[in-house]
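In what follows, a structure is listed as structure tokens, so that the remarks can point back to it.
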Amino acid sequence: MAKYGFGLDLGGTTCKCGLFTTEGELLDKWEVKTDTSNGGANILKNLAKTVFDKMAEKNIDKEDVWGVGIGIPGPIDASGVVNRCVNLGWGKFNVEEEFASHMDGIKVKAGNDANVAALGEAWMGAAKEYSSSVMITLGTGVGGGVIIDDKIVSGSTGSAGEIGHMRVDYEEENACGCGNHGCLEQYCSATGIARLARIKLAQTSDASSLRDYDEIDAKAVLDEAKKGDKLAIEVATKACAYLAQGMQVLSVVANPEAFVIGGGVSKAGQYLIDLIQQEYDKIAFHGCLDTKIVLASLGNDAGIYGAMKQIM
């Protein structure tokens, strides 16, 4: 019976790697540089090498390895075909087939990195008590993943879970990075919260400690809101109201037991969760009012946990 597995979380700069037992214990973790030269042609070969190197270091036989899972920064369908990963230099090809060609018969499985992180939180993180959850990652953008009955919902083209591109404001004149207007990440991402603050400061002459900042970011907004700054509270509440609007839609589509909030913005902690809960409770469908809203707990390791879990 195989005892070990590997989880890989591939990014444009580095790949986070984890060696696990099949019970979910993280035995070792490390990072390797992502070689994006020549259209990323050597990435998967290099990742196979780091897995085999770790097996040699730990005296692990191939027969003792359940498999290797990998999270990819782009849409990927159920057959392992990635459509495009701009920051890796990849076009459309079958990641699983290519990776498997380097793995000497060891099973491989690939998934979208945000979906995989959601699976990690569902397996060994904040949502491990629940069979269905939605993770929302509030960072530079807004990402996420939908887990139903302990499985990733990836959709027909791998685009399920692109929560940041739910349209929540039909009056928005500025374009989102995706080209649409009024996407959730324009208001709830770190950059979106800072943008809301700059707009609010320009619209009013009200006193605010935010005016003392040379550069306003989401951390400044949430820090000052915690201290009681009225304008900062208004901005934070508006961002959370938009987020709650998206969550309300997700709740009546997926009906998860829990929403897991992660990403850099989530470092605001329970204050943020309480504010989201306040806004969600105002608009939630009565059958979804009991949905838990919790902070992610695995941090940057969520991706390697989820990558491991998807091969199980």
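Bear in mind these aren't lab numbers, they're just calculated from the coordinates by the rules spelled out. Worth saying up front: this structure is predicted, and the values here are computed from it rather than measured. Neighbour counts are summed over all protein chains in view; Cβ atoms, including those assigned to glycine, are modelled from backbone coordinates with ideal geometry.
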In degrees, nearest ten, helix 113-124 long axis to first principal axis of the chain (Cα): 80
Using Cα springs under 10 Å in a Gaussian network model of the chain, which residue among ASN174, ASN94, ASN83 shows the largest mean-square fluctuation? ASN174
Of ALA41, ALA232, ALA160, the most mobile residue in a GNM of the chain (C-alpha springs, cutoff 10 Å) is ALA41
Between GLU257 and SER79, what length in nm is gained on full extension when 0.36 nm per residue of separation is reduced by their alpha carbon distance? 61.3 nm
Between region 107-158 and region 259-277, the Cα center-to-center distance that results, in Å: 17
Amide proton proximity set for HIS181, modelled H, under 5 Å, gap of 5+: CYS176
Within straight cross-link reach of LYS267, meaning Cα distance under 22 Å, which lysines are found once same-chain residues fewer than 8 apart are removed? LYS16, LYS128, LYS219, LYS226, LYS227, LYS230, LYS238, LYS292
Protection proxy ranking of 243-255, 139-151 - average other beta-carbon atoms within 10 Å, highest first: 139-151, 243-255
Any idea what the dipole of the chain comes to, in debye rounded to 20, about its Cα centre with Lys/Arg Cβ at +1 and Asp/Glu Cβ at -1? 220
Where in region 1-18 does the label zone of TRP30 land, with the point 7 angstrom along Cα→C-beta and an amide N cut-off under 16 Å? 5-9, 14-18
Only helical DSSP H runs with n ≥ 4 go in: add -39500 (n - 2.57) per run for the chain, normalise by residue count and round the 222 nm mean residue ellipticity to 500 deg cm²/dmol. -11000 deg cm²/dmol
Once you put a point 7 Å from the Cα of LYS227 and another 7 Å from the Cα of ASN42, both along the Cβ direction, what distance in nm separates them? 4.9
Could you tell me which of VAL294, SER208, VAL249 has its Cα farthest along the dipole of the chain towards the positive end, charges placed at Cβ (Lys, Arg +1; Asp, Glu -1), taken about the Cα centre? SER208
Tell me, in nm to one decimal, what length is gained between GLN203 and ASN94 on full extension, where the rule is 0.36 nm per residue of separation less the Cα-Cα distance? 34.3 nm
